[in-house]
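The values are calculated or read from the model by the stated rules, or taken from the named source; none is laboratory data. Not measured: the values here are computed from a predicted model. Glycine also receives a Cβ, built like all others from the backbone with ideal geometry; neighbour counts cover every protein chain displayed. SASA here: full protein model, heavy atoms, side chains in, ligands and nucleic acids out. Shrake-Rupley method; radii C 1.70, N 1.55, O 1.52, S 1.80 Å.
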Amino acid sequence: MDKELKDILGKVALTIRGLSMDAVQKADSGHPGLPMGCAEIGAYLYGHQLRYNPKDSKWLNRDHFILSAGHGSMLLYSCLYLSGYKLTLDDIKNFRQLHSKTPGHPESEMTDGVETTTGPLGQGMGNAVGQALALKMLAARFNTPSETIIDNKVYVIMGDGCMMEGITSEVSSLAGHLRLDNLIVIYDANHITLDGPLAESASEDTKKRYEAYGWDVYVVEDANDLEALDRVFNEVKKNQERPRMIIAHTVIGKGSPNKAGTFKVHGSPLGPEEVKASKEALGLPEEPFYVPNEVHEFFKKKLEKDIATEKEWQQKFESWKKNNPEKAKDYEKMIKLQIPADLEETLKKIEIKAPVAGRKASQDVLNVLADQLPYLVGGSADLSVSDLTFMKKYPVISPGHFEGRNIKFGVREFGMAAMATGIAESDLFIPFVGTFLTFSDYMRNAIRLCALMEQHVIYQFTHDSIFLGEDGPTHQPIEHFAALRAIIGLQVIRPADAWEVKMSWLAALKYYGPTALILSRQNLPDLEGTHVSYAEGVGRGAYIIRKEKRKPDYLLVATGSEVSLAMDVAHALEKQGKEARVVSMPCWELFDQQSDDYRRSVFGGDLGKRVSIEAGVELGWHKYIGMDGIAICMKSYGASAPYKDLAKEFGFTVEAIMERIL
Ligand SMILES: Cc1ncc(C[n+]2csc(CCOP(=O)(O)OP(=O)(O)O)c2C)c(N)n1
């Protein structure tokens, strides 16, 4: 490594250390240990290794950097600020303050240059593997034998915490299997976690573990030594054929004379005296938030080169577009995530014979959409033959082969969900992922983060109630509708028949955020009342599918497979001289967004006794049926039996409901 570069990167590292300890001290909260321990790694990545243009943070062929150990956010903010992203010194000074661009953990929607939101340990690795896979899929689609327009890589820093999380094992195993040769993970092995020495809770051989996953593993004994880092990165850059990990031994809180190497520096400010002592030891001036001019000058010069690198690529990209008009057309469709104007009509015309299971209807829709929407990719956690999430005409992604569109995630639900977010973050794909509804719990925190990030992911959750039958209570979702509806920004849609399935897909595509499609295992009849336009039906969230002929005695509101039951109850009531309105309510979130007038036209006024019918817990239903309403719901975990017996056992029959409501 040439001396000049080594000197300046050393100064960058010192600056990162200083900024990090000052910002944490000023906020009086945060994690100085990781940024101080990884300062050289940050300096090397942003000062030398990564390809990026801070003035165009979304450049398609940029390298991605993900700080999976998100608590060390000051490392990332320091690097982004110094290298010229839209982050100022004032932003650094406002670390962890209300409405600042420098929240406690990195949030991609908040800060330019942050590739994904991290903090819940391990999930950044999931997002990273998703991003790396998306880049491989883009490269397979768009590169030609003579023109390479996508050859960027995903770099990650993860710590001991990420390493211990189960999700990291899931996605590392899949990344190794798929031979993602664009993924480089730097494992900050500082042997310290929040609570104390790592040795108190882990002692595995990480190198062997990752080699067993099919990764190349490198070890740097002293990753605070820039020359050692340079040597290893020079190796890592060569002939990559699979994911690579650098086990980088660092000293947590390096630079703090009294706290470095201990858990005391992991998650609390150093204290004014230790900050002073650290600066003295490091040869930094006492002045807070000090940045030497040379560091600014270095990044200013670098910026010119970065801009030129992107410009050169842009020229290549323009000529690629001219030479490959078909591919360029696909690219345009993908970058805009365009929905054809006539998609609703196309969906309505898909022939689906009733009765049909929600999952089967969804597969029929998916296979039509696959031809229309090149950006649709996805797969299942080893349940595609059961959740029916396979695009029949398209190949499966396999090790080293990324031209397919079906992804076999294996039995790795949490990893799958985090990867889906990573794939969506390409802004060129809308991923769908499938499993049984009950396993949404395994994915829950990734769904929550996806909603926080407002990423466009479609979850297909099938086997949506006790009516999945014989598999029994371990597999029967009970509290899951309520649990998913509780996630802000997640659109939860439970269609009642094939028509509603079609319109639910439209809702999922139209919404720039995550959607959970909740689909039945068992057959559903075709309901006449659902055959209205998107805007009059599913798009409203709830709508009347059986209008009363006179003032109603009952308002019946139901979702999914229970809508047809509600219709049967209404007929039975009619026979007894009682009038009922029936409302299908596939999506609470969409309904809650409707105008006051519309909401009142469905639920307002004297509509008689209000009854909700849904084979899940009652939580939330009283918002629509009022305190005196009757919620026909589940109060236990179900049972293993044929579904017709379960309907009787748990009161989801016309007779049982009539008895309760009369
Ligand atoms: C899923 C999850 N569990 C717990 C935490 C709380 N937490 C934040 S950092 C940390 C320890 C991480 O240790 P390590 O990765 O070694 O970080 P370092 O000590 O090097 O900063 C814990 C438990 C979290 N952020 N996410």
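Total residues in the stretch 485-541 satisfying the condition of being closer than 17 Å to SER584 by Cβ, open to solvent by 20 Å² or more (accessible area, probe 1.4 Å) and of a type in the set (A, V, I, L, M, F, W, C): the figure is 3. Within the span defined as the stretch 436-443, one or more residues are under 28 Å from GLN522 (Cα atoms), open to solvent by less than 10 Å² (accessible area, probe 1.4 Å) and within 16 Å of the ligand (Cβ to nearest atom). For first residues located in the stretch 119-132 and more than 15 Å from ILE423 (Cβ to Cβ) and part of a loop (DSSP other than H, G, I, E, B), partners that are more than 10 Å from the ligand (Cβ to nearest atom) and not basic (Lys, Arg) and lie 6+ apart or on another chain with Cβ distances below 7 Å form the pairs PRO120/LEU449; GLY122/THR168. Selection of the stretch 161-178 for residues being within 13 Å of the ligand (Cβ to nearest atom) and open to solvent by less than 10 Å² (accessible area, probe 1.4 Å) yields CYS162, MET163, ILE167, THR168. On the given criteria, is HIS296 under 30 Å from LEU34 (Cβ atoms), within 16 Å of the ligand (Cβ to nearest atom) and assigned by TED's automatic domain parsing to the domain that holds LYS26? No. When GLU211, GLU200 are checked against the criterion of being touching a strand residue (DSSP E or B) at 6+ places or on another chain (Cβ under 8 Å) and free of Cβ contacts under 8 Å to residues at least 12 places away in the same chain, a single residue qualifies: GLU211.
Scanning the stretch 179-199 for residues that are closer than 30 Å to LEU138 by Cα and more than 8 Å from the ligand (Cβ to nearest atom) yields a total of 9. Got at least one residue in the stretch 467-489 being farther than 29 Å from GLU332 by Cβ, in contact with a His (Cβ under 9 Å, 6 or more places away or on another chain), touching a residue at least 40 places away in the same chain (Cβ under 8 Å) and in a helix (DSSP H, G or I)? Yes, some residue in the stretch 467-489 is farther than 29 Å from GLU332 by Cβ, in contact with a His (Cβ under 9 Å, 6 or more places away or on another chain), touching a residue at least 40 places away in the same chain (Cβ under 8 Å) and in a helix (DSSP H, G or I).
GLY37 satisfies every condition listed in (1) out of contact with any helix residue (DSSP H, G or I) (no Cβ under 7 Å at 6 or more places or on another chain); (2) over 28 Å from THR262 (Cα atoms) except (2). Note on the stretch 135-192: residues that are within 17 Å of PHE65 (Cβ to Cβ) and polar (S, T, N, Q) amount to 2. Taken over the stretch 63-84, residues that are open to solvent by less than 10 Å² (accessible area, probe 1.4 Å), within 16 Å of the ligand (Cβ to nearest atom) and in a helix (DSSP H, G or I) amount to 8. Away from the ligand (no atom under 16 Å from the Cβ) and of a type in the set (A, V, I, L, M): does that describe LEU89? So LEU89 passes the test. Would you mind finding the one in VAL251, VAL291, VAL295 that is among the β-branched types (Val, Ile, Thr), part of a helix (DSSP H, G or I) and open to solvent by less than 80 Å² (accessible area, probe 1.4 Å)? Just one listed residue meets the conditions, VAL295. The set of residues in the stretch 223-252 that are touching a strand residue (DSSP E or B) at 6+ places or on another chain (Cβ under 7 Å) and within 16 Å of the ligand (Cβ to nearest atom) comprises ALA223, MET245, ILE246, ILE247, ALA248, HIS249, THR250, ILE252. ASP205 meets all of the listed conditions (1) over 23 Å from the mean Cα position of the chain (by Cα); (2) crowded, with 20+ Cβ neighbours inside 10 Å; (3) away from the ligand (no atom under 15 Å from the Cβ) but one, namely (2).
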